[in-house]
Amino acid sequence: MRSETPAAAEWPVSGLEAVPDCPLCGAKQRTLAHAGLKDYCFECAPGVWSMFQCDQCGSGYLDPRPNQQTIGLAYSRYYTHQAFDASLKGLRGLWLALRDDYVKAAFGVNVARALWPGRWLFQLFPITRQGVDASLARNLVRPTEATFRLLDVGCGNGNFLKFARKAGWQVRGLDLDPVAVAAARSKGLDVLLGTIDILDGESECYDRITLSHVLEHVYDPWDVLARCFRLLKPGGVLWLEAPNMQSNGRIAFDVYWRGLEPPRHLHLFSRKCLKDKIGEIGFSEIQDRFSSFATQAMWKESRQIMVKAGVGKRLRHTFVGQLIAEVKALFSVNSREFITLVCVKKNEKK
C-alpha cells in the first residue's frame, strides 16, 4: 500500500504557471509521461505534479510548474544545506585512499590519505576511472598556466571548487542558496550569491565553466548556456551534466525515478535536444563523457523512494536490473542516467 504524500499541503494556486508548449523547443505536441509525481526526495515541496514529454525533441517538462516567485518553497531542505563527511573506515576507507592516489597522480591534487598503488590500479579498470574523472573531477585537466580561471555555476557548498583549486585553477563560484554560499566562503572560496546574470559586466574571462545538475532547475537553460558562451575565452571549455529523460532508470522506475525530483526539476533534456542547442549557441567539439557511477547511485536512491512510497520492488529494480542498465549504458549513450558533455568555444581568428 502506498503511504500518504510526504507533503500534505498543496502548492499555492497563485504560485503556479501553465506550460502549454515545450519550453525547450516550442513544440505543442506532447504526451503525458508521468502523473501524480511527489517530492519523495527531500519531502519539503507540497503538491502533486505532472510531466509531459515533447513529441518533437523528446524532452520532459512540468505543466503546470511553480512560478519564479514561489519556487523557493521547494528548496527548504535541499542538499546544499548539508555537509557530507566521507567515512574513512573499512573497505570504503581503503577505496577512498586508492582513489585519492589516482586523483593525486591524474590531477595534481595532494591528499594526505592517498594510498599507492591506486594510480596504477585505476589504469587497469577504465570504467571505474571514467567514473572518478566525471563525478569527482568533472573531467578536469591540469591548467597549463597559473592564471587559468574556472567558474562553477550552481557551486553549492564549494566542494568541487575546493578540488579544482587544489588542482591549480583559480576558482570562482555562483549559487542562489545563501546557506551554501556561506559554507563555500568559509572554505576561503570566492563565491557570489545570485544567478549568472550578476556577471553581465564580464565577457571572455574564464577558461572553463562547469554546470553540474543545474540546467534542469532553471527557467531558461538556453539563456544560461548563451551567457556561459559569452563568459568563456575563445578556446575555453564548458562541462555540464544533467539527468537524462531517455535513461534506463526513468523507464524502469517510472514515477519513482530519482532524476524526476519534482518540482525542482522543471524539465529534463533528451541528449539530442541538449546537444543540438549547444551547437546552435556556437559550441563545437561536443563530446560525451561517461559517469560510470551514475547507474548505481540512481538505482539505489530510486529504490529508497519506492520504500518511502510504500511500493514493492520488481526484478527490474533489483541489482539484476541495475547490472543490465549499466551494460546498456556502456554501449548506448542515449540510455545513460546522466547526459555528461564537454564542449569548446571556437577559437576563431578575427
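Data overview
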{"item": "Index of the failed condition, residue 226 passing every other in (1) under 18 Å from residue 347 (Cα atoms); (2) part of a loop (DSSP other than H, G, I, E, B); (3) in contact (Cβ under 8 Å) with a residue 24 or more places away in the chain", "result": "(2)"}
{"item": "Extreme residue, nearest to residue 48 (Cα to Cα), among residues of segment 326-350 that are crowded, with 16+ Cβ neighbours inside 10 Å and small (Gly, Ala, Ser)", "result": "335"}
{"item": "Of all residues making up segment 282-325, the number that are in a helix (DSSP H, G or I) and open to solvent by less than 40 Å² (accessible area, probe 1.4 Å)", "result": "12"}
{"item": "Per-region count, segment 54-73, residues open to solvent by 50 Å² or more (accessible area, probe 1.4 Å) and touching a Gly at 6+ places or on another chain (Cβ under 7 Å)", "result": "1"}
{"item": "Among (1) part of a loop (DSSP other than H, G, I, E, B); (2) crowded, with 17+ Cβ neighbours inside 10 Å; (3) modelled with pLDDT of 95 or more, the one test that residue 34 misses", "result": "(1)"}
{"item": "Checking residue 344 against (1) farther than 28 Å from residue 43 by Cβ; (2) under 17 Å from the mean Cα position of the chain (by Cα), the condition it does not meet", "result": "(2)"}
{"item": "Residue that is nearest to the chain's Cα centre (by Cα), among those in segment 190-206 that are outside any helix (DSSP H, G or I) and surrounded by 20 or more Cβ atoms within 10 Å (Cβ to Cβ)", "result": "191"}
{"item": "Selection from segment 171-189 of residues that are in contact (Cβ under 8 Å) with a residue 40 or more places away in the chain, surrounded by 16 or more Cβ atoms within 10 Å (Cβ to Cβ) and in contact with a helix residue (DSSP H, G or I) (Cβ under 6 Å, 6 or more places away or on another chain)", "result": "175, 177, 180"}
{"item": "Pair list, Cβ under 7 Å, 6 or more apart: segment 104-122 residue farther than 19 Å from residue 140 by Cα and of a type in the set (Phe, Trp, Tyr), other residue open to solvent by less than 70 Å² (accessible area, probe 1.4 Å) and assigned to a helix (DSSP H, G or I)", "result": "116/101"}
{"item": "Matching residues in segment 212-239 - criterion: being hydrophobic (A, V, I, L, M, F, W, C) and open to solvent by 10 Å² or more (accessible area, probe 1.4 Å)", "result": "214, 218, 222, 224, 226, 229, 237"}
{"item": "Close pairs (6 angstrom Cβ cut-off, 6 or more residues apart or separate chains): under 19 Å from residue 222 (Cβ atoms) in segment 192-203, of a type in the set (Lys, Arg) and surrounded by 13 or more Cβ atoms within 10 Å (Cβ to Cβ) anywhere", "result": "196/227; 203/230"}
{"item": "Lone unmet requirement of (1) closer than 18 Å to residue 245 by Cβ; (2) free of Cβ contacts under 8 Å to residues at least 24 places away in the same chain for residue 312", "result": "(1)"}
{"item": "Search result, residues across segment 116-135 that are crowded, with 18+ Cβ neighbours inside 10 Å, hydrophobic (A, V, I, L, M, F, W, C) and either part of a loop (DSSP other than H, G, I, E, B) or out of contact with any strand residue (DSSP E or B) (no Cβ under 7 Å at 6 or more places or on another chain) (or both)", "result": "122, 132"}
{"item": "Per-region count, segment 136-159, residues open to solvent by 60 Å² or more (accessible area, probe 1.4 Å), within 23 Å of residue 196 (Cα to Cα) and over 20 Å from the mean Cα position of the chain (by Cα)", "result": "2"}
{"item": "Test: residue in segment 240-254 that is surrounded by fewer than 24 Cβ atoms within 10 Å (Cβ to Cβ) and among the small types (Gly, Ala, Ser)", "result": "yes"}
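The values are calculated or read from the model by the stated rules, or taken from the named source; none is laboratory data. Please read all numbers here as calculations on a predicted model, not as lab measurements. Methodologically, a virtual Cβ is constructed for each residue, glycine included, from the backbone with ideal geometry; neighbour enumeration extends over all protein chains shown. Remember, those area values only see protein heavy atoms, side chains included, never the ligands or the DNA or RNA. Shrake-Rupley method; radii C 1.70, N 1.55, O 1.52, S 1.80 Å.
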